[in-house]
Structures are given as C-alpha cells and as structure tokens.
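Input: a single structure, listed below in structure tokens.
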Amino acid sequence: MWDFQVAVNREHRDMSIMKSKAVARYVRISPRKVRLIMAQIRGKKVEEAFNLLTFAHQSGAFMVKKLIDSAVANAEQNSDVDIDNLYIKRIFADEGPTLKRFRPRAMGRATRIRKRTSHLTVILDEE
C-alpha cells in the first residue's frame with residue numbers, strides 16, 4: 001500500500017509542474033501497436049514528432065498526431081508557453097476495455113476475437 005501511495009504522490013507532483021496534457025480514451029486500436037509509434041517520438045520536439053508521424057505508415061500514427069495536436073492547442077491556451085520550444089515529456093498507451101466477439105470455426109466451434117481499445121496520454125513540456 002505504501003508503494004502505491006508514494007507512486008501516486010510522485011505522479012501528482014509531476015503533473016503539477018507540467019505545461020500541457022491531452023488524453024484520448026477508448027481509441028479502437030491495440031495498445032501494442034500504438035506503443036511502437038510512441039517509442040519513436042518519445043522525448044523529441046513537437047515539430048520533429050509531427051514530421052515523423054506525417055510520413056509513418058502505421059495505422060495509429062494519425063491518432064497519435066491528433067493527440068499531440070490537441071496537447072499543443074491546450075498549451076496555446078496558457079499564455080506564457082512558447083510553442084516552438086515544446087517537447088514530448090511523456091507519452092504512453094494504457095489498455096482500455098476489450099470488446100469480445102465470436103467467430104464461427106470448423107466443426108461447429110467458435111473462437112473468441114478480442115477487439116482491444118487504448119487510452120492514449122501525452123504530456124508536453126518546455127525545454
């Protein structure tokens with residue numbers, strides 16, 4: 001219990017000094033696929049991340065690009081933030097609820113199809 005409490009306090013302290021945050025919940029893509037894209041842009045400047053995501057062929061690149069664009073728009077609302085100096089401080093994908101479907105198979109059987117969803121979060125900060 002203490003470890004969890006310390007982690008929550010550390011997370012709360014980290015959030016209080018952040019510049020901008022955006023969250024997309026229940027996105028209909030597997031977290032495993034999105035994490036591959038997020039690993040490529042973690043720690044980079046926002047402009048460089050936009051360039052990488054624009055020409056990425058992965059299906060989740062469009063969603064991650066929209067998420068970063070939303071975080072930049074949130075940062076614009078803060079008057080003392082220089083948008084040219086923003087970089088991706090933290091970006092991660094948590095697993096959302098899984099939609100369970102069934103597919104008919106041979107000899108009267110059925111197999112489960114798991115349609116996974118994700119909760120995407122990006123935190124931007126100024127350099």
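Values in this text are rule-based calculations from the coordinates and carry no lab data. The shown structure was predicted, so the numbers you read here are calculated from the model rather than taken from an experiment. Cβ coordinates were reconstructed from backbone atoms using ideal geometry, including for glycine residues, and neighbour counts include every protein chain displayed.
Remark: segment 34-50, residue by residue, has Karplus-estimated 3J(HN,Hα) of 6, 4, 4, 6, 5, 5, 6, 10, 4, x, 8, 5, 4, 5, 5, 5, 4 Hz, where x stands for each Gly or Pro and the curve is 6.51 cos²θ - 1.76 cosθ + 1.60 at θ = phi - 60°. Among ARG101, ARG116, the order by Cβ neighbours within 10 angstrom, fewest to most, reads ARG101, ARG116.
With Cα atoms defining each centre, segment 104-118 and segment 43-78 are spaced 34 Å apart in the structure. Residue-wise HN-Hα couplings along segment 110-121, as the Karplus relation 6.51 cos²θ - 1.76 cosθ + 1.60 with θ = phi - 60° gives them from phi, are 9, 10, 7, 10, 9, 9, 8, 10, 9, 10, 9, 9 Hz; Gly and Pro carry x. For LYS19, a cut-off of 20 angstrom between C-alpha atoms picks up these lysines, skipping any fewer than 8 places away in its own chain: LYS44, LYS45, LYS65, LYS66, LYS89. Mind sorting out which of (1) 17.9, 66; (2) 13.9, 43; (3) 19.4, 83 is the real Rg and Dmax of the Cα atoms in Å computed from the coordinates? This structure yields the entry labelled (1).
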